[in-house]
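See below for the structure under consideration.
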Amino acid sequence: MSILFEKRKNISRTAQVLVPAASFVVSLILTGILLLAFGADPFATYRAMFRGAFGSGRAFTETLVKAIPLMLTGLGVALAFRLRFWNIGAEGQLTLAGVAATGVAIFWGRWMPSFLLLPTVILVGCLAGAAWAGIPALLRTRLKVDETLVTLMLNYVAILFSEYLYYGPWRDPKGYGFPGTEPFPEAAWMPRIAGRAHLGLVFALFLALALWFVLNRTRWGFELKILGASPQAARYQGISVERNIVLAILVSGALCGLAGVGEVTGISRRLQQGLSLGYGYTAIIVAWMGQLNPLAVPFVAVLMAALLVGGDQVQMMMGLPASMGILMQGMILFPLLAGSLFTEYRIKRTARHPAAGAAAEGAE
Amino acid sequence: MDASEPKVPLVEMRGIRKSFPGVTACDGVDLRLGRGEVLALLGENGAGKSTLMNVLAGLYRPDEGEIRIGGKPVEIRSPRDSAAHGVGMVHQNFMLVDTMTVAENVVLGMAGLPLVPDMAEVKRSVLELAEKYGLRVDPDAYVWQLSVGEQQRVEILKQLYRKAEILVLDEPTAVLTPQESEELNVVVQRMKAEGKSAVFITHKMEEVMTFSDRVMVLRKGKVVVEKVTSETSPRDLAKLMVGREVLFRVEKKSFEPGAVILELKDVRALDDRGLPALRDLSLKVRAGEILGIAGVAGNGQRELSEVITGLRPVSSGGISINCVETTNKTPLEIIRSGVSHIPQDRIAVGAVGDMSVASNLAMKGYRDAPISRGVLLLPRRILDLARRMIESFRIATPSPETRVKFLSGGNIQKTILAREIESCRSLLVAVYPSRGLDIGATEAVRKELVAQRDAGMAVLLVSEDIEELLSVADTVLVLYEGRAMGTFPSAEADPEELGLLMAGVERKETVS
């Protein structure tokens, strides 16, 4: 017997759901092997992780807290990836938006009417995220500079810039030397819904729906689809490639920016160390695992957040490194990328020898 | 079976079956090729000719069947295996590396090549082979510097260098001038005289008649007939290939041109490499006229279609459509002025392979009612429109939602044609619209072009098929190195003379 791969004519919906799910199972098995090597019981560990992430109301809201930035950055990255614009700068866009939101909250908060403050903070934060993504977009469309490198390097610029601010000029004088800005005025706080889970969750879910609608039901979405599939074809159809890439990447940056705004206004309520737990990078896994589909992103984001929260629990309860959760996230990506083989191809088993082939044919 | 069948076949393929999703490309095909024999494989697109030869060349593995070479059963798992058995294939899209020299390309990928090949030795043998077979080419030239015809010679040299005994040529003359085809024939005859064999894939009758000893006609993956070439005629073969009588003539109304729709005045433009592609080109196309652009590929045809449609900047000169200046306007502005374009590269430019047939059909009309309202798309209307167009243009597709890349070349072209004709308001620019299509699809394309002309559109038809130009176009302009070599009413044009002009012969005489 030999195995043959046959290209699929229509993308199989079942495979689109099954492959990410199977990738998750494979990663559980792979991580299980590692856990055994650590001398831990994989089943007990997974049970502890699950309980840590979903076991109580508090656990679940903490999972949601981490899912919010993953949803927003996941959406931003998915939009960019659909255009084959490899935006791996979600982390930087998130950070810079957090910085801009902080600036507005602590400086304009002193004179701005309180009902206007939060909307302004959100708006400026999103614009900052968009602007930070706009730099690589313009460099790519105007000068053909590779966006992968630029977005990656701008992450460091944004992160170091934020550190400079909260260690230096923006450091809270009453903060006992703790690196961080003064707390935001209450008018700049993102309202919380349950536990620490804030209104950003509603924004994220709404934006997931909105993005799906724009991509699938509007003229602009149609243009982006053509552009993502073939820039040459788009140009021939009278669609401006450069303008649309820049526009879409601005939106992508704004979505990542909103994640940063949510973190500073909803969770820490000041700019301080640990603004992002690498959400911008995990977003890449979220986007791929969600098959770049905006409607799938929220679910995947919750799963990834559960791994993070559950990982923390494992550290506390079982004395295993917390990075076990991050390790599992990474482990998902490999089977996921390998799994795209199954969404694109159908597998057929055939006989190697012609004579045996005839027999197998009859049996089929 | 036929009496002419060789006694000890060099290659024997038995019961080859190969299927792809939804299609059986080869359905139990038997093939025999004798030593020193040239076999023509004739058939429409999708008849299974290329698949069969790709099986022999090791690119596809058959689902079933057996291959014998020199009487012994062999297993061909890769192109390297097939090369080891003396099979060399020249593909339709050349497999050369542009940035490497001819000599480097010749040895590239050979089994058992030393780490540092002796290039001086390679060059010497390349020159020797070139001399022996009349394949003029400079071993030190870079592939990107070569014309399409020269690149083909490199491909053939590559196979000869690898001591191929069986040369497979996939539509070798599709990109050649009549003169170049003649030269290719000389090469093939020389190889034959040496006892080498060749199989060539084609859907042109004249080629079968001039090149081959024997001809095998395939239809829908099966062998329809196998004949000695001299005992058959082009008309017979065409009938066998399509399965019905074929009209070689196109019916059209008498020529009554109207107002000038498209006018180019002294247009200059550069190609992708920044070299002059159009040199002071002037032309006019009137309503109800098909202007045929004759010329060998690469003489400015693509650039001409691109400057008209706004895809390439004009460096000097002017273009007007319907008496409105459109020089260097955006593609969208030109689309809005009623211009349709069937591009040269249908897979990468004309259609989006990963999107559905319905989406591809909507790619021009999506900006307006009825398939969009304001910024919203109306998916149901897109599907309705697609169903109607699939029906009226006879696009063979399993459903409107099938991805375009799974259609045959002819049906991809019909999809583009349907969309562009549907949206055409004044000018249709068609670049090689029937290239690579089978007789049935070619006929459909030509009929549509003529229908557009009869409906009062101006049509600019770029083609390298003289027969097509003479039967479809009203006026023919010969393009050579971006210049107009002359314009003739098609009724008065002489194919021989056009062929010479296409090769730039007149110009050379007048200059020197």
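Name the lysines eligible as straight-distance cross-link partners of B:Lys163: C-alpha to C-alpha under 23 Å, and not fewer than 8 places from it in the same chain. Filter leaves B:Lys72, B:Lys123, B:Lys132, B:Lys192, B:Lys196.
Accessible-area rank, largest first, for A:His198, B:His203: B:His203, A:His198, with all protein chains present and a 1.4 angstrom probe. Each of B:Leu332 and A:Glu186 was given a label point 7 Å from its Cα along the Cα-to-Cβ line. The distance between the two points is 4.9 nm. When the surface is traced with a 1.4 Å probe over the full set of protein chains, B:Val186 keeps roughly 70 Å² accessible.
Multiplying each eigenvalue of the alpha-carbon gyration tensor of the protein assembly as shown by 5 and taking the square root yields semi-axes of 58, 36, 25 Å, largest first, rounded to whole angstroms. Rounded to the nearest Hz, the phi-derived 3J(HN,Hα) couplings of region A:144-161 under the Karplus curve 6.51 cos²θ - 1.76 cosθ + 1.60 (θ = phi - 60°) are 6, 7, 4, 6, 4, 5, 5, 5, 4, 5, 5, 4, 5, 4, 5, 5, 5, 5, where x marks glycine and proline. Charge dipole of region B:11-242 (Cα centre as origin; +1 on each Lys and Arg Cβ, -1 on each Asp and Glu Cβ, all else neutral): 700 debye, rounded to the nearest 20.
Rolling a 1.4 Å probe over the protein heavy atoms gives the protein assembly as shown an accessible area of 44 Å² per residue.
Each part reduced to its alpha carbon centroid, region A:303-337 and region A:14-68 end up 7 Å apart. With R₀ set to 30 Å, the beta-carbon distance separating B:Ala348 from A:Arg13 gives a calculated FRET efficiency near 0.65.
Computed with a 1.4 Å probe on the full set of protein chains, the accessible area for B:Asp494 sits at about 70 Å². If you take the accessible area of B alone, add that of A alone, and subtract the area of the pair, what total do you get in Å², probe 1.4 Å, to the nearest 100? Using a 1.4 Å probe on protein heavy atoms, the buried area is about 3200 Å².
Assuming a ≥ b ≥ c are the square roots of the Cα gyration tensor eigenvalues, decide whether region A:71-296 counts as rounded (a/c under 1.5), prolate (otherwise, with a/b larger than b/c) or oblate.
Verdict is prolate for region A:71-296.
Sort B:Ile334, A:Ile135, B:Ile466 by accessible area with a 1.4 Å probe, largest first.
Sorted descending by solvent-accessible area, the residues read A:Ile135, B:Ile466, B:Ile334.
Taking all protein chains together, B:Tyr161, A:Tyr281, A:Tyr167, A:Tyr236 sort by accessible area into A:Tyr167, A:Tyr281, B:Tyr161, A:Tyr236, largest first [probe 1.4 Å].
Averaging Cα coordinates gives a centre for region B:318-390 and one for region A:72-125; these two points are 37 Å apart. Ligands, DNA and RNA excluded, the heavy atoms of A:Trp132 present near 40 Å² of accessible surface to a 1.4 Å solvent probe.
Working ranking of peptides B:423-434, B:81-92, B:380-391 by packing, defined as the average number of other Cβ atoms within 10 Å per residue, highest first, is B:423-434, B:81-92, B:380-391. Note on B:399-406: average number of Cβ atoms from other chains within 10 Å of each residue's Cβ is 2.
Listed by chain and number, the aspartates and glutamates whose C-alpha is less than 12 Å from the C-alpha of B:Lys220, apart from same-chain residues fewer than 8 away, are B:Asp27, B:Glu44. Projecting the Cα positions of B:Leu127, A:Val99, A:Ala194 onto the charge dipole of the protein assembly as shown (unit charges on Cβ atoms of Lys, Arg, Asp and Glu, taken about the Cα centre) puts A:Ala194 furthest along the positive direction. Keeping the other protein chains in place, figure out the carbon and sulfur percent of the accessible area of the protein assembly as shown, with a 1.4 Å probe. Within the protein assembly as shown, the accessible surface is 59 percent carbon and sulfur.
Show me A:104-110, A:39-45 ranked by packing, highest mean number of other Cβ atoms within 10 Å first.
Going from most to least packed, we get A:104-110, A:39-45.
Placing +1 on the Cβ of every Lys and Arg and -1 on the Cβ of every Asp and Glu, with nothing else charged, gives chain A a dipole about its Cα centre of roughly 740 debye.
The values are calculated or read from the model by the stated rules, or taken from the named source; none is laboratory data. From a predicted model like this one, the values you see are computed outputs, not experimental measurements. Here Cβ is always computed from backbone atoms with ideal geometry, including for glycine, and neighbour counts include all displayed protein chains. Areas reflect the complete protein model, heavy atoms only, side chains present, ligands, DNA and RNA absent. Shrake-Rupley method; radii C 1.70, N 1.55, O 1.52, S 1.80 Å.
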